[in-house]
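The values are calculated or read from the model by the stated rules, or taken from the named source; none is laboratory data. Please read all numbers here as calculations on a predicted model, not as lab measurements. Heads up, the Cβs are rebuilt from the backbone with ideal geometry, glycines too, and the neighbour counts pull from every protein chain shown.
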């Protein structure tokens with residue numbers, strides 16, 4: 001009985017229609033990363049300019065014992081295979097912007113381009129669990145890894161998205 005009620009709710013969702021705003025993000029704290037405690041925050045906001053197509057901006061902040069990065073810029077997202085009748089809505093996304101990184105020894109600024117593949121799982125008509133695999137490439141070494149700094153950042157994120 002409960003599953004039937006949820007199915008009816010999902011079927012009436014108008015979640016990625018033209019004119020809908022989306023605000024979303026994720027936060028992560030890892031106390032045992034390679035460089036000590038790592039904190040990451042990813043935020044995005046945008047407007048669906050046509051059904052299934054979002055344009056907007058992003059802000060990403062991360063900090064560990066080695067490097068702090070702040071990046072932001074423009075982003076887009078396209079939902080495919082989204083019929084509005086199921087809670088799953090897969091998407092591809094892209095972003096372009098800038099990143100600033102600072103360590104004890106040096107500061108760096110770089111251009112960043114990125115891509116993502118993910119899905120929104122609609123919990124209600126206006127709230128979705130957003131899960132994505134993300135790749136960001138920078139023109140300079142600004143992201144931390146086991147060997148120091150690199151120009152590549154690969155992450156898996158899960159967060160919430162709100163539609164209104």
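Note on segment 146-164: residues that are touching a strand residue (DSSP E or B) at 6+ places or on another chain (Cβ under 8 Å) and more than 20 Å from residue 49 (Cα to Cα) amount to 12.
Would a scan of segment 107-117 turn up a residue that is at pLDDT below 90 and closer than 20 Å to residue 39 by Cβ? Yes, that holds for at least one residue. With respect to the stated conditions, residue 102 fails to be touching a helix residue (DSSP H, G or I) at 6+ places or on another chain (Cβ under 7 Å) and more than 15 Å from residue 161 (Cα to Cα).
Matching residues to (1) modelled with pLDDT of 95 or more; (2) under 18 Å from residue 26 (Cβ atoms):
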residue	(1), (2)
69	no, yes
81	no, no
96	yes, no
148	no, no
156	no, yes
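Residue check: residue 9 meets all listed conditions (1) part of a strand (DSSP E or B); (2) modelled with pLDDT under 85 but one, namely (1).
Within this structure, residue 18 passes the test of being surrounded by fewer than 16 Cβ atoms within 10 Å (Cβ to Cβ), modelled with pLDDT under 95 and over 13 Å from the mean Cα position of the chain (by Cα). Checking each residue in segment 151-164 for being without any contact (Cβ under 8 Å) to a residue 40 or more places away in the chain and surrounded by 15 or more Cβ atoms within 10 Å (Cβ to Cβ) picks out only 153.
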